[in-house]
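Data block below; observations after.
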Amino acid sequence: MVHNYIFVGPQGSGKGTQAKIVAEKFNLCHISTGDLLRNLSGSMKEKVDEYMNSGQLVPDCIVLNILKQKLDSNNCENGFILDGFPRNIGQANELDKIVKIDAMFSIEVSNEEVVRRINGRRFCSKCTTNYNIYVQEIKPKKEGVCDKCGGKLLKRDDDNEEAIKKRLEIYFKDTQPLLRHYNTIRINGEQTIEKVNEDIMKAIKMLGFFR
């Protein structure tokens, strides 16, 4: 049976982590639209880079075209998890024209927890491995040092409280209405990675049982 899911949640909710775990368990295609756009090649990459490098959003028509090509590939024959798209109702309406979504998983955390987690994010300057000093499962063993290569851990310039709160405003304004558009399962994201995944897996089994 083919399963097509969307994972949403504010930055720092852990939705990307959960999307990867679930995709691996069910042999689904994990599609991060950010990664999809960054990994383009040829003339399409040049066109997309023009928008991204100038700080503009890539037009929906271009994103949808690239996304459709991915969905039509053999990698997605068992289904997929969309991570980072759609971001608003307009995009959802266009997505509905090309594919059926079985369910949306909303990984929910408080604004205070989002700020705390994002403030704790670090990445390795050498191998780019991601860490979080406040999340036990991905906390570096030694402060400021990458477990894998010994590289220096850095913090993104825009991972500051003011920028985080602005991102949250945009998320709740544009993305929250999607919860009424799709069959949405709300998941408590303020738990361990393992417990959040356990709740998602239970919900997926229930969906499969009742469908």
Requested in this report: State all residues of the stretch 178-202 that are open to solvent by 40 Å² or more (accessible area, probe 1.4 Å), closer than 16 Å to ILE101 by Cβ and assigned to a helix (DSSP H, G or I); if no residue qualifies, say none.
Outcome: ARG180, HIS181
Query raised in the report: Is it the case that some residue within the stretch 120-143 is of a type in the set (A, V, I, L, M), at pLDDT below 95 and not in a loop (DSSP other than H, G, I, E, B)?
Result: yes
Report summary line: Pairs returned, first residue in the stretch 162-179 that is closer than 19 Å to PHE105 by Cα, second residue that is among the small types (Gly, Ala, Ser) and in a helix (DSSP H, G or I), beta-carbon separation under 7 angstrom, 6 or more apart or interchain, are LEU178/ALA92
Report summary line: Scanning the stretch 23-43 residue by residue, those among the aliphatic types (A, V, I, L, M) and more than 30 Å from ASN160 (Cα to Cα) turn out to be ALA23, LEU28
Report task. Go through the stretch 1-116 and tell me which helices (runs of 4 or more DSSP H), entirely inside it, have 1 or more residues that are within 12 Å of the chain's Cα centre (by Cα) and under 26 Å from ILE185 (Cα atoms). Result -> 15-26, 33-38
Requested in this report: Determine, yes or no, whether ASP147 is without any contact (Cβ under 8 Å) to a residue 12 or more places away in the chain and either in contact with a helix residue (DSSP H, G or I) (Cβ under 7 Å, 6 or more places away or on another chain) or surrounded by fewer than 17 Cβ atoms within 10 Å (Cβ to Cβ) (or both).
Outcome: no
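The values are calculated or read from the model by the stated rules, or taken from the named source; none is laboratory data. Predicted, not measured: the structure shown is a model, and the values here were computed from it. Counting neighbours? That spans all protein chains shown, and the Cβs are built from the backbone with ideal geometry, glycine included. What goes into the accessible areas is simple: the full protein's heavy atoms, side chains included, and nothing from ligands, DNA or RNA. Shrake-Rupley method; radii C 1.70, N 1.55, O 1.52, S 1.80 Å.
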